[in-house]
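Visitor: Sharing a structure below in structure tokens format, with a few things to ask.
The values are calculated or read from the model by the stated rules, or taken from the named source; none is laboratory data. Just so we're clear, the structure is a prediction, and the values are computed from it rather than from any experiment. Glycine gets a Cβ as well: all are built from the backbone with ideal geometry, and neighbour counts include every protein chain shown. We work out accessible area using only protein heavy atoms, side chains counted, and drop any ligands, DNA or RNA first. Shrake-Rupley method; radii C 1.70, N 1.55, O 1.52, S 1.80 Å.
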Amino acid sequence: MVQVEGVSYSYRNGLKVVKALVDIDFKLKKGDTCAIIGPSGCGKTTLLYLMAGLLKPEKGRVLIEGKVLSGPRDGTAVILQDYGLLPWKTVLANAALGLEIRGVAWRQREEIVRPLLAKLGLQGMEDRYPSQLSGGQKQRVAIARALALRQDLLLMDEPFSALDALTREELQDTLVKIQAEQQLTIIMVTHNIEEAVYLGKQIVVMGGMPGRVRAILPNPGAGRLGYRSRQEFHHYCSRVRGALGQIDYEAG
Amino acid sequence: MRLVEQNFYKNYGKAVLFVLLLWQVLAWLAANPGLPGPIPAIKEFIGSWWPELARHTLISAYRVLLSLLLSLATAVPLGLWIGRCSRLDSLLGPVAYLLYPVPKVALLPVIMLLLGIGEGSKVALIFLVIFFQILVTTRDAARKIPEQLLLSVRSLGAGSWELYRQVIIPACLPEIFTASRISLGSAISVLFLSETVAGRSGLGYYILDGMLRAEYGVMFAGILAISFLGLILYALLDILEIFLCPWRYI
């Protein structure tokens, strides 16, 4: 489904050219989940933007369903760090934004979005504005907006990092359920080890400046409710922590 | 009546009361027939020859509104465009900065030579003054839109027109209202000036004419009319903002 082949990227900082990513390679099957984890500044958000088609690689290429990516793709939903909700639109209009941009009529938009919002526990909040919502509720609206387009690939940047622990686990469970129901392919960027292990069947460990892939760990138990309390879960958390620790050691 | 509207009327009521009080105190302190207190002035205002005063007020209102609308219609699209296109900004930004501080009022004689002493020159002068105020404010508002918001909406498949419609215009709307309010004040002052210099219509002429004939009551009736004109236009802007930016009033 997703192939990242030898991707490098640099950005300009004034007159300086700063290398952000070097030779990134990994693959993901359809319906799988992948967590990209690494310390801040390792370029993982840049990598997500590249897979979203919001940036173009300087070297290498990103293929989605066998096609080279050259811009935002119709079937890809993206949820960026601060949810990207428009403050001037109500919950309903925000969730329906993708449909509106695609020219779907208002009635149809409501028919698609209302049940989705209800499913995500936002019933009765359709007419509120984002400033009237809690962080978790905003994240749910962003998920509803992504799901409304029935896309097959969901990219998320630190989706739950701004939330308190309880809300975070609740939303992680919501995401697991949705993923299982819709066979979504999900790639998320995170710096939280437990989140990566709970949600990513494949964990890409990144590190360094410029960022490189340091390890790719399979994590077959991920994506099941209740995985958090299993022995295996803690085992994988230690492995990821180990892989990340090695990086710190090398960098230090 | 919604709470927003209730507060709206209450606040305007308090403001009028406050200004009247301040005026009375100043009139007592000045003790000069050139500055009568609010009560004689309001009496004069009510007793003034309404068709005449109304005619001048309407002409002034027309000039202010026409120039405000013309400036908004040109400066807002240009400001949004410059604000979102750094290459254009580096080209036109300095031009705007060069022209902005030129005292446009000093250009009034030039404008009158070019456009005559009719409506054209008055509207043109106000336009020149407020165009840059709106342009610079709108550009700055467009510049500081969070990049994440634009990327999010782009990732939903928005092209540049949709980005303007869904993100850039609504994000700048509150600042455009602020610019309009500031410009409205400037517009009324410049209008007053241009009406006192040439022509025989508008509140500027009416007030100056009252002064020259030493009819201070007429003069103050004109001053009251011009402040009511300003008040009504500001209130209209507030109402329009509540209507167009409902997310800011929750």
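Visitor: Step by step: first the residues of the stretch A:155-202, then only those that are touching a Pro at 6+ places or on another chain (Cβ under 8 Å) and not in a helix (DSSP H, G or I), then the one that is most open to solvent (accessible area, probe 1.4 Å). Which residue is that?
Guide: Per the stated criteria, the residue is A:His191.
Visitor: Still on this structure, I have one more. Looking at A:Leu175, A:Leu166, which one is without any contact (Cβ under 8 Å) to a residue 60 or more places away in the chain, within 15 Å of the chain's Cα centre (by Cα) and outside the structural domain of A:Arg114 (by TED's automatic domain parsing)? Explain how you work it out, then say what you get.
Guide: Details: A:Leu166 fails: within 15 Å of the chain's Cα centre (by Cα).
Exactly one residue qualifies, and that residue is A:Leu175.
Visitor: Considering the stretch A:132-150 alone, what residues qualify as being under 21 Å from A:Gln183 (Cβ atoms) and open to solvent by less than 20 Å² (accessible area, probe 1.4 Å)? Explain how you work it out, then say what you get.
Guide: Pass one, the stretch A:132-150, residues under 21 Å from A:Gln183 (Cβ atoms): A:140, A:142-150.
Hits for the stretch A:132-150 are A:Ala142, A:Ile143, A:Ala144, A:Arg145, A:Ala146, A:Leu147, A:Ala148.
Visitor: Further question on the same structure: Among the residues of the stretch A:98-148, which ones are more than 14 Å from chain B (Cβ to nearest Cβ) and assigned to a loop (DSSP other than H, G, I, E, B)?
Guide: Of everything in the stretch A:98-148, those that are more than 14 Å from chain B (Cβ to nearest Cβ) and assigned to a loop (DSSP other than H, G, I, E, B) turn out to be A:Ala105, A:Leu120, A:Gly121, A:Leu122, A:Gln123, A:Gly124, A:Glu126, A:Ser134.
Visitor: Please find, within the stretch B:165-210, the residue that is most open to solvent (accessible area, probe 1.4 Å) out of those that are free of Cβ contacts under 8 Å to residues at least 24 places away in the same chain and away from chain A (no Cβ under 14 Å).
Guide: B:Arg200
Visitor: Please list, ordered by residue number, the strands (runs of 3 or more DSSP E) wholly in the stretch A:1-97 having 3 or more residues that are buried (at least 19 other Cβ atoms within 10 Å of the Cβ) and facing another protein chain (nearest Cβ under 10 Å). Reasoning before the result, please.
Guide: Working: elements: A:2-13, A:16-28, A:33-37, A:59-64, A:76-79.
The strands (runs of 3 or more DSSP E) meeting that bar are A:76-79.
Visitor: Within the stretch B:20-38, how many residues turn out to be free of Cβ contacts under 8 Å to residues at least 40 places away in the same chain and in contact with a helix residue (DSSP H, G or I) (Cβ under 8 Å, 6 or more places away or on another chain)?
Guide: Residues flagged as free of Cβ contacts under 8 Å to residues at least 40 places away in the same chain and in contact with a helix residue (DSSP H, G or I) (Cβ under 8 Å, 6 or more places away or on another chain) within the stretch B:20-38 amount to 7.
Visitor: Somewhere in the stretch A:121-131, is a residue in contact with a helix residue (DSSP H, G or I) (Cβ under 8 Å, 6 or more places away or on another chain), charged (D, E, K, R) and buried (at least 22 other Cβ atoms within 10 Å of the Cβ)?
Guide: Going through the stretch A:121-131, the residues in contact with a helix residue (DSSP H, G or I) (Cβ under 8 Å, 6 or more places away or on another chain) turn out to be A:121-123, A:125-131.
Cutting the leftovers down to charged (D, E, K, R) gives us A:126-128.
With buried (at least 22 other Cβ atoms within 10 Å of the Cβ) added as a condition, the list becomes none.
No: zero hits.
Visitor: Also, quick follow-up: If you go through the stretch B:121-164 one residue at a time, how many are within 14 Å of chain A (Cβ to nearest Cβ), open to solvent by 30 Å² or more (accessible area, probe 1.4 Å) and part of a helix (DSSP H, G or I)?
Guide: 7
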